[in-house]
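This report concerns only the one structure given below.
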Amino acid sequence: MRADVYDRLREDIVTGRLETGAPLTELALADRYGVSRTPIREALRRLLQDGLVERFERGMRVRGRSPEEILEIYGVRVVLEGCAARAAAENRSELDLVRIRRAATAMTETDVSDPYAMAAANRAFHEMVWAAAHNNTLLDLLSRLNDHLARYPATTLTSAGRWESAQREHEELVAAIEERRADDAASAAERHMTAARDIRLRMYAEDVH
């Protein structure tokens, strides 16, 4: 039951059903999920460790968004994506390469009028690269970082020209992984995520104003 409550509460935060800054009281959440306060307390403790909730003067709330947080998340993600790409170039199998290319092809067939489909196709591509690294620790860390970014509702892929440039950057990354050029793969992944960071910061600024 505790794992189920944690997963449900985490999903509601990541998807925005519980909005940024929303207070998280044990009593209200116990009523929302139909459980006692004990599993709620445990779920909140875990979510605090995950960085998805924060303490404030009256208890807990959904963690807020800020440009500083964007810089923090991408500062780590740029490095980890580079590590994953390097490891993928070094460790990938032929099956991994097939899966990566299939995910890249799926992106070209995605309905660009559907931002959710675009984000899902992009994540699927990155997950195939992560898997090809054959490093479970990297996979776990990158998945957690992606959950933090999911709290920012708009995908950077809707920014003018980004969908096309992202696919070009993916192709560059795939070629480096295929040819086992580890340094080039790492550099391509880092440039790709740095571009995404800059767009995310611009979108945040535009949304605030």
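Here, each number is a calculation from the coordinates, and none is a lab measurement. Computed from a predicted model, the values in this text were never measured in an experiment. No Cβ is skipped: glycine too gets one built from the backbone with ideal geometry, and neighbour counts run over all protein chains shown.
Worth a mention:
- Angle between the chain longest axis and helix 162-178 axis [Cα atoms, degrees, rounded to 10]: 60 degrees
- Each of ALA188, ALA175, LEU201 was scored by the projection of its Cα onto the charge dipole of the stretch 169-209, and the greatest displacement toward the positive side belongs to LEU201; charges sit on the C-beta of Lys, Arg, Asp and Glu.
- The alpha carbon centroids of the stretch 1-50 and the stretch 188-206 are separated by 30 Å.
- Protection proxy ranking of 117-125, 199-207 - average other beta-carbon atoms within 10 Å, highest first: 117-125, 199-207
- Kirkwood-Stokes translational diffusion coefficient of the stretch 2-62, alpha-carbon pairs, 4 °C, 1.567 mPa s, µm²/s: 116 µm²/s
- Nearest-20 debye value, the chain charge dipole, Cβ charges on Lys, Arg, Asp, Glu: 680 debye
- Relative to the longest principal axis of the Cα atoms of the chain, helix 136-150 runs at roughly 60 degrees.
- 3J(HN,Hα) from dihedral phi, the stretch 41-46, Karplus parametrisation 6.51/-1.76/1.60, rounded to Hz, x for glycine, proline: 4, 5, 5, 5, 4, 5
- The stretch 126-172 and the stretch 67-106: distance between their alpha carbon centers, rounded to Å: 7 Å
- Residues whose amide H comes within less than 5 Å of that of MET60, counting only those at least five positions distant or on another chain, are LEU24 (H built at 1.01 Å from N in the peptide plane).
- Put simply, the C-alpha atoms of the stretch 67-208 give a gyration tensor, and the ellipsoid matching it has half-axes of 23, 17, 13 Å, longest first.
- Computed from label points 7 Å out along Cα-Cβ, the spacing between ARG41 and GLU19 is 3.0 nm.
- For the stretch 1-140, the C-alpha radius of gyration sits at 1.29 times the compact-globule guess of 2.2 N^0.38 Å, with N the residue count.
- Rounded tilt (10° steps) of 2-14 against the dominant C-alpha axis of the chain: 70 degrees
- VAL53 long-range amide H proximity, modeled H, under 5 Å: LEU48, ARG63
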